[in-house]
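I have placed the structure first, in the form of structure tokens, so that the comments after it can refer back to it.
What follows is calculated from the coordinates using simple rules that are stated; it is not laboratory data. Since we're looking at a predicted model, the values are computed, not measured. Because the Cβ atoms are built from the backbone with ideal geometry, glycine has one as well, and the counts that use them run over all protein chains shown.
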Amino acid sequence: MSSTPIADLALVSDRHSAGLIGRDGAVEWLCFPLFNGPSVFARLLDDEAGHWTIRPSVPYETTRRYLPRTMVLETTFRTGSGTVVLTDALLTGPDDGGHRLGAGVPHLLARRVSGVGGEVPMEIEYRPRPEYGLIYPILSGVEGGVTARGGAEWLVLTTPAPLTIGDCSGYGVFTAREGETRHFGMHRSTLQETPARVWDQAELAARLDDTIIAWQSWSSLHQAYDGPWRDLVHHSGRVLQALSFQPSGAIVAAATTSLPEWAGGERNWDYRYTWVRDASLTMGALWVAACPDEASDFFAFLTTAAPSLGKDRALQIMFGVRGEHDLSERTLPHLRGWRGSRPVRVGNDAWNQRQIDVYGELLDAALRLERQIGDIDDDVRRFLIACADTAAERWTEKDQGIWEMRGEPRHFLYSKLMCWVALDRGIALACLLRARERVEYWQRTRAEIRETLLREGWNDRVGAFTQAFGSDALDASALMMPIVGFLPAGDSRMLSTIDAVADRLTDDQGLVYRYRTADGIDGLAGEEGAFLLCSFWMAQALAMSGQVGRARDVFERTAAYANDVGLLSEEVDPHSGELLGNFPQAFSHIGLINAAWAIDEAERACGPVGAGRGNGDGRVA
């Protein structure tokens, strides 16, 4: 089994696929040529599932960073005899003026080794294992490199240091001397491309430099946020960019599959897909930390992938990065999982769930982009009208809820809330949608949903809005009520709900759980960690209620769980503080961006304040 701490990983991306690299210079995870394609290296999930390591062969200390305004990783190894710098990137293609980062990528992982002081003995271990470690390819030496054949893959390694080949692996040594630089690369080739292409050192160097310039150009053109935690917000925007699929605009929830929500547990899911649920929150984050172009690309993807409502008018909740609908789940029994967390899954059966919240997220995204999208074609217009109508028709139904419960369907508060959002945004968009005749019906149903939510969603015994109608269980998704505009954050019921979540749904460090798994509502065994997105929701709700001091405290406490290169996981172990869940998690970075913006807005409205209550409109009560 793998034991690499999740916090030891750093992301590289070409906006088509992603890799994760450890502090020891090991590529622990890499999928070519798509985010959700089979892995080439998967040591993260099993020691035998492949890696590519370049590191000193003597004891060393490590520091890391991303090069400024990029997602190009720099690892510095310091030894007793000298210092060496390893630079890693999935090549994005040359700069096009900062606009379409990742267009025309070569699907090549480039690695630069630079001696910067003294001499350092280095070692290379190359163990490609395509198809999630199932295939042990045949390795052959060619001039300047190594080929690996097996299954559908033909991998070509460029290496200026010769490797000894044996046991479907390659091993080599060399010395990194001050002032010397070597470039390594691995790309996925076609079987028809013969002889195997080995990259020239100068060409690899130029392509890597182009990638650095392209990231910096995109950041300079697209990132203008200048509020509190500016560097964190900008970096999170780049993480979202790195998790986006350039050809379609889809944004994956995370780069990995089956990193567990509890070590050794069964809550292990494949997150390399795009969720409609993420749409409205993602739109807000992209406007703050990127630019309308990225938001428009994501919306265009959703309105291309999603318009089929199916026979029962149900909107599918998630898609593959190219718009695939069938994401059927299967397990990989040959993999032992991260720290023995089984099963390892690929695909995600949540695609087949019916969740009525998604209509609200999609229409909220449309409203956020109203000015940007301008006129819309008749197909998209009819689809969005159908989403509002379906929300009006189905809001009384039970469903699986925001957290994709695998237990029995229930009347979840969040699902009803987002049906209200669907109608509220549909009414606001009625002119654009040419649907004025629908407004009276939508208004009437919106009022009915609101009345029901306030009556059935509020629990006097608990003193809060609860997870589902008739339930005493708390759920952090209730914090979304002021965020989507259903109630002012300063409403007495919202203030009570915020306090209830803070008092009864947090760990000892003040991080927020989604809900209590002990209630058994999700149909799964075991525990899970505190959820970073929910903690950022808490910060955002506090800021909107005028409690800016408390909001800052929660924000800084949560953001502190980013690793040394600024990446956030999905969850945090409440006992050890260790990162858990798929990584890096787009939702966590989205939450950071939106919470930082909300705190900035609150401070602009009333100036920095302490922890006193506000009245929800930015003024201190």
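I need the shape label for the range 6-219. Rule: rounded when a/c is under 1.5, else prolate if a/b > b/c, else oblate, with a, b, c from the alpha carbon gyration tensor.
It comes out rounded by the Cα gyration axes.
For the range 130-151 versus the range 178-234, the inter-centroid distance based on Cα atoms is 24 Å. Electrostatic bookkeeping for Leu532 treats Lys and Arg as +1 and Asp and Glu as -1; over the other residues with beta carbon under 9 Å from its beta carbon, the sum is -2. Of the residues Gln316, Thr175, Ile6, the one whose Cα sits farthest toward the positive end of the charge dipole of the chain, with +1 on the Cβ of Lys and Arg and -1 on the Cβ of Asp and Glu, is Gln316. Counting only DSSP H runs of at least 4 residues, each contributing -39500 (n - 2.57), and dividing by the residue count of the chain, the helix-based mean residue ellipticity at 222 nm comes to -9500 deg cm²/dmol. Within the shell of other residues whose beta carbon sits under 15 angstrom from the beta carbon of Ala26, the net charge comes to -2, with Lys and Arg scored +1 and Asp and Glu -1. Pairwise inverse Cα distances across the range 113-252, averaged and inverted, put the Kirkwood hydrodynamic radius at 18.0 Å. As a length-normalised measure over Cα pairs under 8 Å and 6 or more apart, the relative contact order of the chain settles at 12 percent. Computed from label points 7 Å out along Cα-Cβ, the spacing between Ser496 and Ala518 is 2.4 nm.
For the range 4-162, relative contact order (Cα pairs under 8 Å, six or more residues apart, normalised by length) works out to 20 percent.
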